[in-house]
Structures are given as structure tokens and as C-alpha cells.
Amino acid sequence: MTDYTLPRFDHPPRPMAQRIGAIMWPSFFSAGVATMVFFAFVDPLALRDLTFPELSITRELGYTIGFFMFWLATAGASLFTWILLRPAARFNKPLPPER
Amino acid sequence: MNKKIAIELLDSSGNSLYESERKIYPRDVAGRFQSWRKVAVFVLLGIFYGFPWLRWDGRQAVLFDLPARKFYVFGLSFWPQDFVFLALLLIIAALVLFFFTTIAGRLWCGYACPQTVWTEVFLWMEQWTEGDRNRRMKLDKAPWGVNKLLRKGSKHLLWLVFALWTGFTFVGFFTPITELGARAPWQWSGWESFWVLFYALATWGNAGFLREQVCKYMCPYARFQSAMFDRNTLIIAYDPMRGEPRGPRGRVLGSVLQRARGLLDPGMAYDLVFRAAQHPTAADAAVQARGGTAIADSGIKDVAPLPKFELDQLGDCIDCTICVQVCPTGIDIRNGLQYECIACGACIDACDEVMDKVGYPHGLIRYSTQNAIDGKPTRVLRPRVFVYGLLLLTLCAGWAWGVSHRIPLIAEVLRDRNALYRVVGDGRVENSYTLKIINKDSKPQRYRISLQAPGGIVLAGGERTIEAAAEEVLSLPVSLSAPDSLHGKQTVTFKVETLDGQTRKSVPSSFFGPM
């Protein structure tokens, strides 16, 4: 029978740089790959004509917008994963002292 | 080099670093909160399963017609151009969630979340086929036999039928459901079959197997809901001042509310809870409560075990552990508010039942605020309630105004991008456009198209009147003509209005003459 009276291992919080890095870097990498694959098939100018023909978007601007939109999406996913992987102890904290 | 490497043997049956989730067998309980939850289940699932069958003006009342890119919700119809209302509606929904969380805690989780609602129904089916908590635990431990096969088989049959019906209803929101039913299942298209099966599978998996794990490990709201909480928010709370020290006793002792002992001092009471959590009694350990201790810093080590208490020192908690057994997420609410708690109130109903049996007043576990538990006044009206409330009111009013004041006409002008202008002889130039007119009304309309432009630019062929059927999208080629003495870019405005002048739209565009 497992002894549930022993507290389970609770990893201490990691340094801020590590947390931000673990969210931003994999998402940056994925966004880069996604941008490359996406724009290998889609010309930003063709996309502009389909969506916002009245805006003067150049190819370079199209690539840039595309990359940052991909990065926003992948970073959002990474952030979500980080929140879900935080151990319960981070949430089950005592109430802050009253002001 | 004969140094021994220090090794530690992990308990082979547990305490290993990897541990699979233990199954929770929530014990059935009846009471006030459970009745409300049942009402919520019937109302919400009634809406889900019933709405696709309602009719409105000869069509399905609630239909999200994706192929036609039109959403019908009773008397309202939404077009892709009304996307902003959908976005606004989602923002309103989020604010409603924040507002009610601030005031009354996790009402959403306990009563309204599809995860909770469907899990509840799946649990009923499990109880019908496999019996109560103890029987279910026994059945799972028993070797496979006819009885187990029959019980488990009938459970899964019920689950499967219900899940498939759920999938069918889900697709019925996107394809007219009567027609979908008539074609079932062999004449369904590939996508319809896929979504029926996929949604059925998701229902079956989420409500049948994942259950509380969705709340604990997958739900974002569970992770951030505490940001809306303060000491004046309604929570499911155990009163340690009254309950501690916990312990079994015969029917010899009255409630502390009627005894000389009275309520404990909060510091003392919370210390007792914390020490009890660190050194559980045999009964507490046997129910294997999950979750953490929210009342004290988990960094505190070397907690002294509890002494043996005299009978008259005991609080009102008889340590029957029923509150843990009924918990659908398997936590011990006596350890304080935990993020795993979905505020279903099962422990309240269970504890009230036990209090009745031992002759103590209700409310050892109750729906209350932290301030009230600590014997301080609760403030309902506080800045965050006003901020959420005002934002919510503004957005709702804005949404209602926007939806009711939509113009039932969309007009857009696309310039022909192939040529800037065309010389057509007898000293005139022309520009070509495509005029897009969408009649969003549910009856046909006649529109007058006119032009407002400088420098003698006119509509080739003059003003004209066109007719659009109900909800028709028209694409009209239009040409503007001007004398070739007109140079450069000119701003022109197309005007589209109904013959009675009730609805009108102006669309700016540009005309190019020779440079």
C-alpha cells in the first residue's frame, strides 16, 4: 500500500529567465518553421489582394506580420502549457495577509 | 575508488516519482446543492438537446449554417460581417464569468460547465449500472466474470448511446437536424459522420474517463479563477474554529456551539488543521485525499503530530471522511480552499446530513466567505464588483444596441484592378467597378444606385434600380464615365438606398482619369 502521508515531490520555482526562455524560444523556433513553410506556398501579395486590397502591404511587411502572428500563436500555446504544468502547490497557497 | 554511491530505494508499490492518477469514486449524496445541480443539468442539457428541434419562421430556430456562412439564433440572423458581435459576445461571456466568480466563486464549475454537467449524467449512469461508491470500488477490484462484464458492458452501452446522441445533436446545430435525422446514418456525408463520431468520442472520454482531471490539469479557468477571489467571495468553506480538533466520538457529546468549549481561536484552529493534514489519522489516510493544504505554507517542515485530545476538547468534526468520499475531485475541503475545488457543494450536503445524524447544527462546511468564517463582516459591494458590473452593463447595452441597429444592407465597391482607366472614344474615359450588394433582410428589397462625384463623372447608363431577393448577395459590374479632360485621382461616392429611403449606405471609392 502506498503511503500517501508523505508529501509528494514539489519542484521549486525555476528562475525567471528560464521560464521566459522556455516559453519564448520553442515558440520562436516553431513560428520560424511555420512562417517558412507557409510563405513557401503563399505569396504575401496574393494574400493581401484576397484580404485587405486597399492596404499597401509590401512582401517584406507581409513576411514580418506573418512571422509575428505565428509567434504570437505559438507563444500563446507555450504560455498555456506552462500554466497547466505548474504544480498544484503554486495555486494552493495560503491567503495573502490582509491589508 | 571504493566509495559507495548513495542510493535510495523507491517504494515499489508507490511513492515513485511517477504515479498514475487514481480513480475517484464519488459517493452519491442528496441535499440542497445537489438538487440545484440536478436542476442545472436538466435546464442546460435541455437547452442543448432541445434547441435544434425548435422552429422559427419556417426554419430551424438555432442554426449555425457554416456552408452558407449565416448564423440563425431565433429571430436574429448573423452574417460574416457581424463577426464583431460574436467577438463582443465572447467578451461579455468572459466578463459574466469574472463578475459571478468575484461574488459567488466558482458557480460556473459547479453548475454550468459542460464538463461538470456531462460528468454528472455519466456518473448517474455509472450508478444505475454499477451501484454506489463501495460497490463500484469492489467491482473494479473483482476479477472479470459474468456480473462484472454485464455491469461494465451495460454502463458503456448507456454511455455510448448517450454520447452518440450528443454527437448527433451537436452536428444538428450546423446541419438542419430533422433532415440529418432522416438521413441517419448511412446517407450522412463524410464530414457529418466524422463530427458525430468525434464529438461522441470526446463526450465519452471527457465525461466517462477524464472527469476531474480535465478540471485539474486541462482547465485554464481553474488556474486563474483565484485572481477574481478575495476574502468576500463565496467559497465552500470548512469552519475549523468549530470543527477542530476532529475526532470520532460516541453520541455523548453536544455541539461546541452548545458546550463550554465554544469556538477556537483562528490561529490555533488553522494550526490544528495543518498538523492534521501533515499527520493524517488512519481514517483520513484511507480515503486518500488529493490536493494540497491551502491554509499554511507548504514549505514548513517538521510539523509536530497532534496530541491525544480529551473528549470535551473535541470540535464538531467527527472525522467520518464523508466529505472527502463525496468529492468529485477527491480533495479534503477541511484543508482549506484549494484550486481543485469546483464548488459543487457535495461536501456541504454530505456534512449537513452527518450533522443531522449526530444531532449537531448544520454548517460545519458551508457556502460562505473567508471573512464570515473568520468571524468578520462580509462586504458584497466592493470596487471590483463595481468595475466588472459596470463594464458588463456597458458591453451588454452596446451589444443590444448594435444588434438591433444593424443596417440590413451591405454595400461594397471593388475597383477593377486590371486597368486604371479605359479610353472609350468620343472624348470619354471609363473606370470599372464591381458593386457588391447584400440584402440581409428576410424579405426582398429594391435598391436605387446613384453617384455623388465631382467633375462630370457619371454612372454609365445613369441611375438604376435593382432588386435583391431575401438574403441575396448581388455582384453588379458598374462603370463610371467622365470626359477625358478630367485628370488624376478623384474621390467618388456610390449611394445605395432602398426605394423608400429607409436604409441607405454610402461607399467611397476613387476614379482615375489620364495622368
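Assorted remarks:
- Residues considered: B:ARG151, B:ARG133, B:ARG183. Of these, the only one that is basic (Lys, Arg) and under 29 Å from the mean Cα position of the chain (by Cα) is B:ARG133.
- Residues within the range B:456-492 that are in a loop (DSSP other than H, G, I, E, B) and surrounded by 14 or more Cβ atoms within 10 Å (Cβ to Cβ), tallied: 6
- Yes/no for B:MET125 being aliphatic (A, V, I, L, M) and more than 26 Å from the chain's Cα centre (by Cα): no
- Scoring B:SER432 on the criteria (1) away from chain A (no Cβ under 14 Å); (2) exposed (fewer than 12 other Cβ atoms within 10 Å of the Cβ); (3) in contact with a Pro (Cβ under 9 Å, 6 or more places away or on another chain) leaves a single failure, condition (2).
- Residues in the range B:172-209 that are of a type in the set (A, V, I, L, M) and either in contact with a Ser or Thr (Cβ under 8 Å, 6 or more places away or on another chain) or within 14 Å of chain A (Cβ to nearest Cβ) (or both): B:ILE177, B:ALA200, B:ALA207.
Residue by residue, here is whether (1) touching a residue at least 24 places away in the same chain (Cβ under 8 Å); (2) polar (S, T, N, Q) holds:
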{"position": "B:SER450", "(1), (2)": "yes, yes"}
{"position": "B:GLY461", "(1), (2)": "no, no"}
{"position": "B:LEU476", "(1), (2)": "yes, no"}
{"position": "B:GLU497", "(1), (2)": "yes, no"}
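- Residues of the range B:214-240 satisfying the condition of being away from every other protein chain (no Cβ under 12 Å) and surrounded by 22 or more Cβ atoms within 10 Å (Cβ to Cβ): B:LEU234, B:ILE236, B:TYR238, B:ASP239, B:PRO240
- Listed by first and then second residue, the pairs with beta-carbon distance under 7 Å, at least 6 apart or on different chains, first residue in the range B:252-269 and at positive phi, second in a helix (DSSP H, G or I) and modelled with pLDDT of 85 or more, are B:GLY262/B:VAL256.
- Some residue of the range B:47-58 being among the aliphatic types (A, V, I, L, M) and in contact (Cβ under 8 Å) with a residue 24 or more places away in the chain: no
- Residues in the range B:437-447 that are surrounded by 14 or more Cβ atoms within 10 Å (Cβ to Cβ) and in contact (Cβ under 8 Å) with a residue 40 or more places away in the chain: B:ILE437, B:ILE438, B:LYS440, B:GLN445, B:TYR447.
- Counted as qualifying within the range A:9-99 are the helices (runs of 4 or more DSSP H) with 2 or more residues that are exposed (fewer than 11 other Cβ atoms within 10 Å of the Cβ) and within 14 Å of chain B (Cβ to nearest Cβ), namely A:44-51.
- Residues being surrounded by 17 or more Cβ atoms within 10 Å (Cβ to Cβ) and either under 22 Å from B:ALA202 (Cα atoms) or of a type in the set (Asp, Glu) (or both) are represented in the range B:81-89 by at least one member.
The values are calculated or read from the model by the stated rules, or taken from the named source; none is laboratory data. Predicted, not measured: the structure shown is a model, and the values here were computed from it. So basically every Cβ, Gly included, is an ideal-geometry build from the backbone, and we count neighbours across all protein chains shown.
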